[in-house]
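Here the structure comes first, spelled out in structure tokens, and everything after it is commentary.
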Amino acid sequence: MAIDVQAARKKLEEERTQLLARSIQPPEPARGDEADLAAMEQAKERSLWLANDQKQRLAQIDQALARIAAGTYGVCDACGKPIAPERMEANPLATLCIEDQAKTEKKRK
Ligand SMILES: [Zn+2]
């Protein structure tokens, strides 16, 4: 079974559009009493965190779309072998085959 690159691209582009549509609006300028200000601060921190998380995801999607354009989508970054289609289906942003992913995670520990 080969990787359905067209389907993967469609899925990635859809997710990208959704992410951009959902991009976090900066919280309203703070006004109100101390409790309000504390709640505002918390909301701001959370939205910054979410924005970072989204930015990372968006960058990964852009990289995957660039790999599709370059014809290297589904090729392991470490060993150059094709990544299993099932793995790419489960994780369209995967850049390593299962063996190299395991190696990378082992190194991280
Ligand atoms: Zn590999």
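The values are calculated or read from the model by the stated rules, or taken from the named source; none is laboratory data. Please read all numbers here as calculations on a predicted model, not as lab measurements. Every residue, glycine among them, receives a Cβ derived from its backbone with ideal geometry; neighbour counts consider all protein chains shown. SASA here: full protein model, heavy atoms, side chains in, ligands and nucleic acids out. Shrake-Rupley method; radii C 1.70, N 1.55, O 1.52, S 1.80 Å.
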Mind checking the full-extension length gain between residue 1 and residue 70? Use 0.36 nm per residue of separation minus the Cα-Cα distance, one decimal, nm.
22.7 nm
Residues whose built amide H sits under 5 Å from the amide H of residue 75, excluding neighbours closer than 5 in sequence, are 83
Accessible area per residue for the chain in Å², computed with a 1.4 Å probe and the full protein assembly in place, what is it?
75
Within the chain, count lysine pairs with alpha carbon atoms under 26 angstrom apart where the residues are 8 or more positions apart or belong to different chains.
11
Tell me the carbon and sulfur percent of the accessible area for the chain, rounded to whole percent, probe radius 1.4 Å.
54
Positive-end residue, the chain charge dipole about Cα centroid, Cβ charges, pick of 51, 96, 18
96
